[in-house]
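The values are calculated or read from the model by the stated rules, or taken from the named source; none is laboratory data. Keep in mind that this is a model prediction, so the values were computed, not measured. Neighbour counts run over all protein chains shown; Cβ positions are idealised from the backbone, glycine included. Please note that ligands, DNA and RNA were not included when accessible areas were found on the heavy atoms of the full protein model with its side chains. Shrake-Rupley method; radii C 1.70, N 1.55, O 1.52, S 1.80 Å.
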Amino acid sequence: MRITHLRRFALSAVLAFALACFGMAQPAGADTPDLSFTVDQPVATPGSTVSLTMTLTNNQSTDVWFVYQSVQPTWMTTQRKDLKYSFVSCTAQGAACTGTGTTGLGVDYEIPLAPGTSRTVTLTYQIAADSGCNGTIAFYSYLYYEYNNGQSTKDGIHNTPETRVACAPTTPATS
């Protein structure tokens, strides 16, 4: 009789432990990413402009008190010497940009950034009229920020969408 009671108790204890563990786990919902990107056109031709929009969202439960972000061309982009582009503008809501040309850019965000709020930056780059074709222009962004009064940090590399540079089809000459 005692073995039956012990089995019931053990089974109840295991079930209670499993429910407690699952109850403490964080939900695996589709959270908003810290840094998200959109590009206005994934395929562009020489002479056109492309706008890359970055949105930094504070997903923490406390204010973000320090942010460092840089935007650099990817290694593959730097290897194509025939791809010619340059940054022509940077507009920001709650941020300022530093750097020009094809080198890296820095983004300075206004702080503190309250939980659930966002800052948006739009980088526009021009593809030169004599740029090479059939290559991609892409960037990566390093993001570092401190929150919880500087007691916690988060960082990472984020890849932007690529823009493929395609040459406009030639139109046949009419006679």
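For S86, indicate whether it is surrounded by 12 or more Cβ atoms within 10 Å (Cβ to Cβ), hydroxyl-bearing (S, T, Y) and in a loop (DSSP other than H, G, I, E, B). No; evaluated as a whole, the condition is false for this residue. Being of a type in the set (D, E, K, R), under 23 Å from Q151 (Cα atoms) and in a loop (DSSP other than H, G, I, E, B), is that true of even one residue in region 55-77? Among the residues of region 55-77, at least one is of a type in the set (D, E, K, R), under 23 Å from Q151 (Cα atoms) and in a loop (DSSP other than H, G, I, E, B), which makes the answer yes.
Of all the residues in region 111-136, those that are within 25 Å of A44 (Cβ to Cβ), open to solvent by 40 Å² or more (accessible area, probe 1.4 Å) and assigned to a loop (DSSP other than H, G, I, E, B) number 3. Residue-level analysis places Y85 among those that are within 17 Å of L52 (Cα to Cα), more than 17 Å from the chain's Cα centre (by Cα) and aromatic (F, W, Y). Look at F139 and say whether it is surrounded by fewer than 17 Cβ atoms within 10 Å (Cβ to Cβ), out of contact with any His (no Cβ under 9 Å at 6 or more places or on another chain) and not aliphatic (A, V, I, L, M). So F139 fails the test. Scanning region 55-71 for residues that are crowded, with 19+ Cβ neighbours inside 10 Å and of a type in the set (S, T, N, Q), we see that the one that is farthest from T117 (Cα to Cα) is Q69. The residue of region 143-160 that is surrounded by the most Cβ atoms within 10 Å (Cβ to Cβ), among those that are in a strand (DSSP E or B) and within 9 Å of the chain's Cα centre (by Cα), is L143.
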